[in-house]
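S.K.: Below you will find the structure I want to go over with you.
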Amino acid sequence: MNSLVRNINLVKSAAFITRHFAIKSKQEIEELLNKNKVVVFMKGVPEEPRCGFSNAVVQVLRMHGVPYDSHDVLKDDSLREGIKDFSNWPTIPQVFINGEFIGGCDIVLQMHQSGDLIEELQKAGIKSALLDYAKQGSADENKNK
Amino acid sequence: MKTFCTIPFVSNFVKEPSFYSRFSPLLFHRFIQMASNTPIENSIRTKLSQDLNAVHLDIINESYMHNVPKGSETHFKVVVVSERFNGLPLIKRHRMVNDVLKDELSNGVHALSIVAKTPEQWASSDKNVEPSPNCRGGFGK
């Protein structure tokens, strides 16, 4: 009888541990990635980012007029650890396009400045709002020439 | 007999930093590191310059810009210039730096902003490194 009670307690503690200290599994994260072409894991929400780096990513995506899914890692610790594990990347924010990890704030900012982001979005079938801007810019240059 | 007499004499000198600088620059460096209040910055510097053969290295502690106690070593910006980045896309370069610093990243360093250039890119750039965006409170506010 005692050993049975002990075993049940062990199972209960194991369940408690997994529920509270588990991290999101690869499958759960892949499910999130399948829901939208562009998925961002950030601190806070796009309307109110809780971190300067996350905010920078939000602003860049806003400039390009990109629709995206956003997930607040501050609300869910298992997601915060899970996403770091999934992409083998130690920091937040993390930007995924078509299920592929693109990078964090530094990379997205540099891609935005170099024009690579517009290309990457085009590959995913998203037309950046800045594409017309860029085209206009080069058209004007040609006119002036 | 002579050696026995000199031992207490020598032990006094061992406590002096100048002892280390005269007899071993490396030991002097270690002594200073032991007394340093920026252990993580030191460790980052050593690892990046050795493992990535960095020709230029700038480590900026940006923790003061964030919602953390004074003197923290939690948020860094690193500027690394190395031949090893040649031909690698940005993400691979950043992964290399993350890999070198994985111990620091799992022990206290919470944010790492990376500028990773090849020597050619660095030479042709204006070498101006923008500070990171402002903190927006983070967790808890």
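S.K.: Looking only at segment B:28-51, which residues are surrounded by 15 or more Cβ atoms within 10 Å (Cβ to Cβ) and modelled with pLDDT of 70 or more?
M.R.: Listed by number, the residues that qualify are B:PHE28, B:ILE40, B:GLU41, B:ASN42, B:SER43, B:ILE44, B:ARG45, B:LYS47, B:LEU48, B:SER49, B:ASP51.
S.K.: Among the residues of segment A:50-94, how many are aromatic (Phe, Trp, Tyr), farther than 20 Å from A:LYS37 by Cβ and more than 12 Å from chain B (Cβ to nearest Cβ)?
M.R.: Here the count works out to 0.
S.K.: Name, by its number, the condition in (1) more than 30 Å from A:GLY44 (Cα to Cα); (2) within 14 Å of chain A (Cβ to nearest Cβ) that does not hold for B:SER49.
M.R.: (2)
S.K.: Please verify whether A:LYS12 is within 14 Å of another protein chain (Cβ to nearest Cβ), part of a helix (DSSP H, G or I) and at pLDDT below 95, treating the condition exactly as stated.
M.R.: Judged against the criteria, A:LYS12 is not a match.
S.K.: Given A:ILE102, A:ILE83, A:ILE97, A:ILE92, which one is without any contact (Cβ under 8 Å) to a residue 24 or more places away in the chain and either within 13 Å of the chain's Cα centre (by Cα) or loosely packed, with under 13 Cβ neighbours inside 10 Å (or both)?
M.R.: Residue meeting the stated conditions: A:ILE102.
S.K.: Related question: With the checklist (1) in contact (Cβ under 8 Å) with a residue 40 or more places away in the chain; (2) touching a helix residue (DSSP H, G or I) at 6+ places or on another chain (Cβ under 9 Å) in hand, flag the one item B:SER72 doesn't pass.
M.R.: The number of the failed condition is (1).
S.K.: Suppose we keep only residues that are surrounded by fewer than 24 Cβ atoms within 10 Å (Cβ to Cβ) and out of contact with any Ser or Thr (no Cβ under 7 Å at 6 or more places or on another chain) within segment A:40-49. Which one would you say is nearest to the other protein chains (Cβ to nearest Cβ)?
M.R.: A:PRO49
S.K.: Every residue in segment B:55-81 that is in a strand (DSSP E or B) and within 14 Å of chain A (Cβ to nearest Cβ), please.
M.R.: Correct list: B:ILE60, B:HIS75, B:PHE76, B:LYS77, B:VAL78, B:VAL79, B:VAL80.
S.K.: Hey, another quick one. Just to verify a result, which residue in segment B:82-138, among those that are free of Cβ contacts under 8 Å to residues at least 24 places away in the same chain, in a loop (DSSP other than H, G, I, E, B) and surrounded by 12 or more Cβ atoms within 10 Å (Cβ to Cβ), is farthest from the other protein chains (Cβ to nearest Cβ)?
M.R.: B:LYS127
S.K.: Can I ask one more? Which condition from (1) surrounded by 11 or more Cβ atoms within 10 Å (Cβ to Cβ); (2) at pLDDT 90 or above is the one that B:PHE23 breaks?
M.R.: Here B:PHE23 clears every test but (2).
S.K.: Also, I was wondering about something else. I want to confirm something. Restricting to segment A:67-90 and keeping residues that are touching a helix residue (DSSP H, G or I) at 6+ places or on another chain (Cβ under 8 Å) and assigned to a loop (DSSP other than H, G, I, E, B), which single residue is farthest from A:ASN55 (Cα to Cα)?
M.R.: A:ASN88
The values are calculated or read from the model by the stated rules, or taken from the named source; none is laboratory data. Predicted model only: the values in this text are computed from it and were never measured. A quick note on method: Cβ atoms are made from the backbone with ideal geometry, for glycine too, and the neighbour counts reach across all protein chains shown.
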